[in-house]
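The values are calculated or read from the model by the stated rules, or taken from the named source; none is laboratory data. Since we're looking at a predicted model, the values are computed, not measured. For neighbour counting, all protein chains shown are included, and Cβ atoms are generated from backbone atoms with ideal geometry for every residue, glycine included. Side chains are part of the model used for accessible areas, which takes the heavy atoms of the whole protein and leaves out ligands, DNA and RNA. Shrake-Rupley method; radii C 1.70, N 1.55, O 1.52, S 1.80 Å.
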Amino acid sequence: MTERSRRGGPLWAAYEYVAMVFGLGFLAFMCLLWLPFAMILHPLLPQRWGQALGRRVIMNVFRIYTTFLEIFCACRFDLAGIDTLRDQGPLVVVANHPSLLDVVLIVSRLPNVVCVMKAQLMDNILFGAAARLARYIRNDSALDMVRDARMELQRGAQLVIFPEGTRTTSFPINPCLSTAGLIAKRSGTPVQALCIEFSSPYLGKQWPLFKRPELPLRFRVRPGERFPAPRDVSAFTTTLEEYFRSELASPEASTAPRVKSPRVANLPHHS
């Protein structure tokens with residue numbers, strides 16, 4: 001039986017439900033496993049040691065998780081392009097944001113990365129303790145966010161931020177905010193674009209959490225253009241949005257007055 005015929009049958013649909021439950025459950029389990037250690041270590045360890053340990057643990061947990069998804073949940077990830085950034089020094093890493101999996105994929109490959117996170121996630125019982133130990137950055141105060149991001153970049157970290165500010169709803173990309181350009185300007189740090197391509201909008205903004213995925217699920221993250229630290233933040237933000245729109249737009253989307261679903265990328269089947 002071919003993969004195409006399996007996907008249309010009830011057994012394949014049942015497998016997709018099982019894969020969803022086990023996939024989400026395994027991530028929750030690993031987060032809960034690290035939770036008490038992160039809570040205890042946060043006040044005890046010096047900041048330098050705590051953030052290094054916290055970031056390394058998060059990277060390894062996410063790497064284990066992506067391997068679990070590949071083995072048991074019919075997911076295929078092409079992330080080799082991210083590995084080329086590991087030893088390239090401070091960067092403001094910007095990417096489109098089609099899915100909740102985006103940050104997992106990026107962070108799973110970079111050992112000294114700091115993320116800008118929504119304040120409610122920093123306070124979340126499942127993710128908050130680990131994020132605080134790793135000294136991830138809250139987004140509820142613009143002034144503090146820019147200051148903290150600049151300090152982390154000056155210490156040699158790589159900063160991950162999604163310039164859309166939320167998951168994509170108007171594909172190929174929502175209007176971009178100026179935050180990434182402002183941080184890059186204040187810190188004098190180049191901006192590295194990552195283009196995330198995907199076969200299904202699973203865990204996107206308009207995808208209910210417990211709606212079964214369309215398997216096999218394929219993601220590819222490829223490095224795009226590297227921009228020098230901008231002088232004009234507004235002009236850079238416009239350029240960045242136009243760049244992502246050009247890189248990610250499909251011919252079909254360009255002819256439609258409104259895009260209700262993202263491009264289904266013709267991705268390679270290897271991981």
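Here are the numbers:
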read-out	value
Restricting segment 215-250 to residues that are among the basic types (Lys, Arg) and under 17 Å from PRO98 (Cα atoms), the residue that is least open to solvent (accessible area, probe 1.4 Å)	ARG218
The listed residue being on the phi < 0 side of the Ramachandran plot and open to solvent by 10 Å² or more (accessible area, probe 1.4 Å), out of GLY81, GLY50	GLY81
Matching residues, segment 215-231, being in contact with a Phe, Trp or Tyr (Cβ under 8 Å, 6 or more places away or on another chain) and part of a loop (DSSP other than H, G, I, E, B)	LEU215, PRO230
Close pairs from segment 200-216: first under 13 Å from ALA14 (Cα atoms), partner hydroxyl-bearing (Ser, Thr, Tyr), Cβ under 6 Å, at least 6 apart	ARG212/TYR17; PRO213/TYR202; GLU214/SER200
Residue match in segment 26-42 (condition: of a type outside the set (Ser, Thr, Tyr), out of contact with any His (no Cβ under 9 Å at 6 or more places or on another chain), under 20 Å from PRO216 (Cβ atoms) and in contact (Cβ under 8 Å) with a residue 24 or more places away in the chain)	yes
Single residue of segment 228-245 satisfying the filter (under 23 Å from the mean Cα position of the chain (by Cα) and of a type in the set (S, T, N, Q)) that is nearest to VAL92 (Cα to Cα)	THR237
Subset of segment 74-118 (residues that are more than 11 Å from the chain's Cα centre (by Cα) and of a type in the set (S, T, N, Q))	THR84, GLN88, ASN112
Inter-residue pairs, beta-carbon under 6 Å, first at pLDDT 95 or above and in segment 243-256, second open to solvent by less than 40 Å² (accessible area, probe 1.4 Å) and of a type in the set (A, V, I, L, M), 6+ apart	PHE244/ILE173; ARG245/ILE173
Tally of residues being under 28 Å from ALA184 (Cβ atoms) and open to solvent by 10 Å² or more (accessible area, probe 1.4 Å) across segment 67-78	1
